[in-house]
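The structure under discussion appears below in the form of structure tokens.
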Amino acid sequence: MQNSAGTNAERALLDWLRTWKDPGSPHGVATINCSLFHQDKLHQFDAVIWTPTSCVVIEAEALMARQEGVLQIPLNGSWTVSGEAAALENKDRRTPLERSRDHTFALQNWLAARGLGQRAVHGVALIVPMHGARLEIEQAWSDPSFDAILGADPDRLRHYFDTLAEQENHLWTANDVAVAFRGLGILPYLPAPQELLNEGFLGPIDITLWHGGPAQAQAEAYAEELAEAEREANKPKVIQAPWYSPWKLYPPETGDVDFGRAFMRTTLAIGMTIAFVWVLWMVITAILTYGP
């Protein structure tokens, strides 16, 4: 996760994401305040969150005044709260929805150019009101790729990601995430392969995608662990002799001929063979004598 630039909305988002550590929390990896230069235009993302099923571009926006009532979000045009212009922190003339659209389409096209066009990318406008303000969102449109979420607490955003995880089918791999991090210039923040796999991203792993980053050593260690596991799996199965085997009790010594040890080993082997034959003969005799 990359550090926030310091806006109120970004700090709130960062604090919420850091609390998602329990097993029931949404899985994935997030970067805060990263950018993409695409088609001669710089796109500044407040946050991009990758999950095993989706990629979400978040436009985080805070209300700088204590406005209460209904936040009306039209498909086009200014946002208002109970008839008054929303006091948004960002002074960009575009609404958070318009910025979210621009950034999401740019990232989608950029990913498609790198062979990741089939991966789902969503846009979210996260609205953080003043503490204690009573606010509701009235969204005058419906688009499965875009949504506006009230950020009064982390529960709504968490529910959004839980719903996405149930609905989406396109799966992101750990390599896909690595390609995105390298292309966005945030390789220093790319988690190790093991961490991505633990978050639910799919393998296999191309460790060359981690070369040049802080997690390169961990990626190479992971590759070595896989290679060692494969070697162990391909080893021929050897039956281990029991502890009472003559070769266990009197093992031969390399570079030294010990006739006494060899005599004991041979004698014990012959004795065990005779004992086995005798027991087998007794069992066969008992079956023939007392059997039906």
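Considering Glu195, Glu232, Glu220, Glu225, which residue is open to solvent by 60 Å² or more (accessible area, probe 1.4 Å), under 25 Å from Cys34 (Cβ atoms), out of contact with any Pro (no Cβ under 6 Å at 6 or more places or on another chain) and modelled with pLDDT of 80 or more?
On the way: Glu232 fails: under 25 Å from Cys34 (Cβ atoms); Glu220 fails: under 25 Å from Cys34 (Cβ atoms); Glu225 fails: under 25 Å from Cys34 (Cβ atoms).
Exactly one of Glu195, Glu232, Glu220, Glu225 is open to solvent by 60 Å² or more (accessible area, probe 1.4 Å), under 25 Å from Cys34 (Cβ atoms), out of contact with any Pro (no Cβ under 6 Å at 6 or more places or on another chain) and modelled with pLDDT of 80 or more, namely Glu195.
For the stretch 82-104, state whether one or more residues are at pLDDT below 85, under 28 Å from the mean Cα position of the chain (by Cα), open to solvent by less than 50 Å² (accessible area, probe 1.4 Å) and over 15 Å from Ile149 (Cα atoms).
No, because not a single residue in the stretch 82-104 is at pLDDT below 85, under 28 Å from the mean Cα position of the chain (by Cα), open to solvent by less than 50 Å² (accessible area, probe 1.4 Å) and over 15 Å from Ile149 (Cα atoms).
Please state which of the following conditions Pro23 fails to meet, knowing it meets all the rest: (1) closer than 30 Å to Pro204 by Cα; (2) touching a residue at least 12 places away in the same chain (Cβ under 8 Å).
Of (1) closer than 30 Å to Pro204 by Cα; (2) touching a residue at least 12 places away in the same chain (Cβ under 8 Å), only one is false for Pro23: (2).
Taking Trp79 and the conditions (1) closer than 19 Å to Leu150 by Cβ; (2) among the aromatic types (Phe, Trp, Tyr); (3) open to solvent by 30 Å² or more (accessible area, probe 1.4 Å), which numbered condition does it fall short on, given that it satisfies the others?
(3)
Out of (1) of a type outside the set (Lys, Arg); (2) open to solvent by less than 70 Å² (accessible area, probe 1.4 Å); (3) more than 20 Å from Ile58 (Cβ to Cβ); (4) not in a loop (DSSP other than H, G, I, E, B), what's the single condition that is false for Glu138?
Answer for Glu138: the failing condition is (2).
Looking only at the stretch 272-287, which residues are over 21 Å from Ala241 (Cα atoms) and open to solvent by less than 80 Å² (accessible area, probe 1.4 Å)?
Within the stretch 272-287, Val283, Thr285, Ala286 qualify.
The values are calculated or read from the model by the stated rules, or taken from the named source; none is laboratory data. Quick caveat: nothing in here was measured; it's all calculated off a predicted structure. Neighbour counts are summed over all protein chains in view; Cβ atoms, including those assigned to glycine, are modelled from backbone coordinates with ideal geometry. These area figures cover heavy atoms from the full protein model, side chains too; ligands, DNA and RNA do not enter into them. Shrake-Rupley method; radii C 1.70, N 1.55, O 1.52, S 1.80 Å.
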